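In what follows, a structure is listed as structure tokens, so that the remarks can point back to it.
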Protein chains: 2
Amino acid sequence: MPEDLRNRVDRQPTIAGLSEADLLARIFPRLRMAESHTSSTLLGPGDDAAIVAAPDGRTVISIDTQVQDQDFRLQWPNGYRTTGFDVGWKAAAQNLSDINAMGARATSMVVSLTLPVDTPVKWVEDLADGLTAAIRGLGATQCSVAGGDLGRGSEISVTVAVLGTLDGGSPVLRSGARAGDTLALAGTAGHAAAGLALLESDVPVDNLGPAERVFVDLQSRPRPPLDAGPEARAAGATAMLDISDGLLRDGRRLAQASNVMVALDPGRLEQLAARLAPAADLLGADAGQWVLGGGEDHGLLATFPAGVQLPPGFTAIGSIHALGTDDGPGVLMAGRPADTGGWDHFAH
Amino acid sequence: MPEDLRNRVDRQPTIAGLSEADLLARIFPRLRMAESHTSSTLLGPGDDAAIVAAPDGRTVISIDTQVQDQDFRLQWPNGYRTTGFDVGWKAAAQNLSDINAMGARATSMVVSLTLPVDTPVKWVEDLADGLTAAIRGLGATQCSVAGGDLGRGSEISVTVAVLGTLDGGSPVLRSGARAGDTLALAGTAGHAAAGLALLESDVPVDNLGPAERVFVDLQSRPRPPLDAGPEARAAGATAMLDISDGLLRDGRRLAQASNVMVALDPGRLEQLAARLAPAADLLGADAGQWVLGGGEDHGLLATFPAGVQLPPGFTAIGSIHALGTDDGPGVLMAGRPADTGGWDHFAH
């Protein structure tokens, strides 16, 4: 564990003295959903495996891992300290977003935690609270934590596998965009990147006003628009994906999977960038780069046939064009190829 | 990465220069099953999530993580070097075993890999080969790798979430054992523990004969009996679990979940211990302790109503008794409480 967390939690009980059963007994009560909750979990934690309803005979599944010092820092340059609650929230939100991006609803998740032996028990309890709060707060009303695994390691690592249902519908893939389609965005773009820039700045977190603080909060606890995915599917979306690595990079993925050109509307992007002014002004940064390159907002990028009324929460930000004779699929801005950007776990 | 692996792989290309897409392009071809394979995967890798068939409207799910230096060592005291193939095989086998222990068949898995930047590409390719080989070699004929996630960390960590189907049947839980039931074992007990003792010994691995080497192989690449779980369910098993932490510890879990006494037959245990003689004689060790306390064979411990013909692969090793007036649930040997043993990730 890094020195800063160790100092902060001195004298707090750690997991060192607890058996796996002891620690699970501290976690499970925090994963229970409200009694009114309509869970898809048919058999929850405590046996060799869990059982989850798959009412239409199919299960949508995704998996994602967050690792300390890679996907989050416990202590940021601006003084912000990432809580267990933040890590739990973000792990749940990122995975729920992948189900959303298929046009599906989450039904359950299983969680595998790797923890250094000197991790405070309180930190792990907070993580469980964050998982539960994200599931509830983001509106995944049928989802609960069906099971998990605990083990030791030298760094904190949280893996979530999430299940979902398409309710009998067809999944919205990345490959269905057609020339003439409208390109639309649900959720925010660049807010999490603005938050990251603030966290990495030398502006003390306690000096931030509410207009700037919102970006830090969205970086720490992203809010994917979970209604938008199933609504896009119902409205006839032809292609969709989760913007986890930035509008340019994820736009390029959609272009490549569909073999089309994705044309972004610079005027619309300027409107998105204008919302980031409080952070951009404070840091002297280019908000446009955050909009184009910033991941982790976990908004949705979707295409709809021209003339379709966009579902609530979606805004048109461009259009889909056929490939020219000499062009490969890619992203255009004002008719010119846009540079790629965004985040790649390995290339950066 | 530990020095030993770094030395071994000097001059081998590492993942440092590869993007996530590059590395995935090296892995995916190795995860493809034979063409004759009947896969339950409806949508495989490449989109935000995968889609897997759940023909009876339910999905069985489990998750498990293996971390370097916790669940495996890259280099053992006896000179054995854990390969990527071993780690991939073991990750698949452990998770397939959890599905087996419910009486279910595996339909798919998703895999999240955390890798240090200096991990050799070849090691990762071997891991993919090991996953595929375990799925095929253990007979999970409908299962394939449906998707995954790649990220960086300071230590190797492999998380698998596995899905399964009960084919319309009822799951075999830990809680269904009743007084009078026969206690039965499928698979081996203590072989993986004998292998662990050999790996941790100063007897060079190259000096081991085939009779001892089999234990090292089972520790490195466990062979859970995947037919036995569904067959036990079909035969009317009342309770079942995967022996991952040893016969005593897992027997106690079954006893507690079912609120009964688990009585082990010392004569049967001696027969199991006799099979471990080549390793026990070499090391001067107590084979009985391996049988009682050794995990990671991933055999099945199941209970059947008295008089039921045990399915192929199961051997009777004891019986289930009602609780006495003053007793809590537990494990008996020759009428006396057996000491607990086995492996706990946190308490040891």
(message) Checking A:Asp297 against (1) free of Cβ contacts under 8 Å to residues at least 40 places away in the same chain; (2) among the charged types (D, E, K, R); (3) within 22 Å of A:Arg223 (Cα to Cα), only one condition comes out false. Which one?
(response) (1)
(message) Condition first: of a type in the set (Gly, Ala, Ser), buried (at least 24 other Cβ atoms within 10 Å of the Cβ) and more than 10 Å from chain A (Cβ to nearest Cβ). Now tell me which residues in the stretch B:141-172 satisfy that.
(response) B:Ser144
(request) Could you list all residues from the stretch A:234-247 that are out of contact with any strand residue (DSSP E or B) (no Cβ under 8 Å at 6 or more places or on another chain) and under 12 Å from A:Ala101 (Cα atoms)? (result) A:Ser244
(message) Looking at A:Ala161, A:Ala128, A:Ala146 in this structure, which one is among the hydrophobic types (A, V, I, L, M, F, W, C), under 30 Å from B:Gln68 (Cβ atoms) and in a helix (DSSP H, G or I)?
(response) A:Ala128
(message) Restricting to the stretch A:187-217, count the residues that are farther than 21 Å from A:Asp71 by Cα and of a type in the set (A, V, I, L, M).
(response) 3
(message) Against the definition (within 22 Å of A:Pro222 (Cα to Cα), modelled with pLDDT under 95 and under 18 Å from the mean Cα position of the chain (by Cα)), how does A:Ser144 come out, yes or no?
(response) yes
(request) Please find, within the stretch A:163-214, the residue that is farthest from the chain's Cα centre (by Cα) out of those that are within 19 Å of A:Ala234 (Cβ to Cβ) and among the acidic types (Asp, Glu). (result) A:Asp181
(request) Sort out for me the strands (runs of 3 or more DSSP E) sitting completely within the stretch B:234-348 that have 3 or more residues that are more than 19 Å from the chain's Cα centre (by Cα). (result) B:261-264, B:314-321, B:330-333
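Any residue in the stretch A:57-76 that is polar (S, T, N, Q) and surrounded by fewer than 18 Cβ atoms within 10 Å (Cβ to Cβ)?
Filtering the stretch A:57-76 for residues polar (S, T, N, Q) gives A:59, A:62, A:65-66, A:68, A:70, A:75.
Subset that is surrounded by fewer than 18 Cβ atoms within 10 Å (Cβ to Cβ): A:70, A:75.
Looking for residues that are polar (S, T, N, Q) and surrounded by fewer than 18 Cβ atoms within 10 Å (Cβ to Cβ), one finds at least one in the stretch A:57-76, hence yes.
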(request) Test each condition in (1) modelled with pLDDT of 95 or more; (2) more than 14 Å from chain B (Cβ to nearest Cβ); (3) at negative phi for A:Gly294 and report the one that comes out false. (result) (1)
(message) Can you confirm whether A:Gly313 is in contact with a helix residue (DSSP H, G or I) (Cβ under 7 Å, 6 or more places away or on another chain), in the same structural domain as A:Asp250 (by TED's automatic domain parsing) and at positive phi?
(response) yes
(message) When you scan the stretch B:235-248, do you find a residue that is crowded, with 24+ Cβ neighbours inside 10 Å, over 19 Å from B:Leu300 (Cβ atoms) and aliphatic (A, V, I, L, M), even just one?
(response) no
(message) For the stretch B:173-186: of the residues being within 11 Å of chain A (Cβ to nearest Cβ) and touching an Asp or Glu at 6+ places or on another chain (Cβ under 9 Å), which is surrounded by the fewest Cβ atoms within 10 Å (Cβ to Cβ)?
(response) B:Ser175
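The values are calculated or read from the model by the stated rules, or taken from the named source; none is laboratory data. Everything numeric in this text was worked out from a predicted model, so none of it was measured. Using ideal geometry, Cβ is built from the backbone for each residue, glycine included, and neighbour counts are taken over all protein chains shown.
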